[in-house]
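What follows is a short report on a single structure.
The values are calculated or read from the model by the stated rules, or taken from the named source; none is laboratory data. Bear in mind the structure is a predicted one, so any value in this text is a computation, not a measurement. Glycine also receives a Cβ, built like all others from the backbone with ideal geometry; neighbour counts cover every protein chain displayed. Quick note on the areas: whole protein, heavy atoms, side chains included, nothing else; ligands and nucleic acids left out. Shrake-Rupley method; radii C 1.70, N 1.55, O 1.52, S 1.80 Å.
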Amino acid sequence: KKLGETANYSWKAVVVVPDDAPFKPGPTDGKTQKDGLTCFSMSMFDNKIQVLAKGDARAVTDQEGKWQSLAEVDKQEGPGRFMGMIARILKTPSKEATDLAGYAKDLKREGDLYSSDLTEAGAKALQTFRPPGGDAGPSVTDAKGSVKFWLKDGALIKYEFKLKGLIKFGDNEFPNERTTTVEIKDVGTTKLEVPAEAMKKLEAKSDST
């Protein structure tokens, strides 16, 4: 809550998956400000992808770096459509950490570190997403997880969560295992520079949002 009330901040999120995982996400860098305007930058499919968000609205860059609205992305197939799904589930650390704390079974404190296992329902929710257009999302079984929070002077500076589960999407079933570490930085000194084209796409009206 304290982090969410700051004027602005930046962060870096790193996801570690097993060597044989079919999808290996690159690190995500983010910047956000108190009015909710948020920029995400990540590596995906050997391309740098950027997402601009505010509330439920999203604008996304394609593989050529051109900004698109969610409505435009949803009409695509393959990587473009997949990127639209990813853009919808991205969260700021203050929101994600709030959700994680709500899913914690029993937070225990050791100095400035708080840790807990996640509830099965929470671990399942964190591995589930719903595609656009009302299509059915994946089902998750054997969901497990844990979370750690590091605080300094009462404010969140880092958190880590681990997830495991068996995901079934259509006729495909695969194990999911990942560890996500998020480090907060530049609190109060972060500056967002948003291209005009990105704001235009963000503000575009879309039934898909």
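Points worth noting:
- Restricting attention to the stretch 73-125 and to residues that are touching a Gly at 6+ places or on another chain (Cβ under 6 Å) and of a type outside the set (Gly, Ala, Ser), the residue that is farthest from THR38 (Cα to Cα) turns out to be LEU118.
- THR61 vs. criteria out of contact with any Gly (no Cβ under 9 Å at 6 or more places or on another chain) and of a type in the set (Val, Ile, Thr): yes
- Residues in the stretch 47-79 that are over 22 Å from PRO27 (Cβ atoms), out of contact with any helix residue (DSSP H, G or I) (no Cβ under 8 Å at 6 or more places or on another chain) and not charged (D, E, K, R): GLY55, ALA71, GLY78.
- Pick from the stretch 1-34, criterion in a loop (DSSP other than H, G, I, E, B) and touching a Phe, Trp or Tyr at 6+ places or on another chain (Cβ under 8 Å), ranking: most open to solvent (accessible area, probe 1.4 Å): PRO22
- Residues in the stretch 1-57 that are in contact with an Asp or Glu (Cβ under 6 Å, 6 or more places away or on another chain) and polar (S, T, N, Q): SER10, SER41.
- Considered as a group, the residues in the stretch 98-137 that are farther than 15 Å from GLU160 by Cα and aliphatic (A, V, I, L, M) include one that is modelled with the highest pLDDT, and that residue is ALA121.
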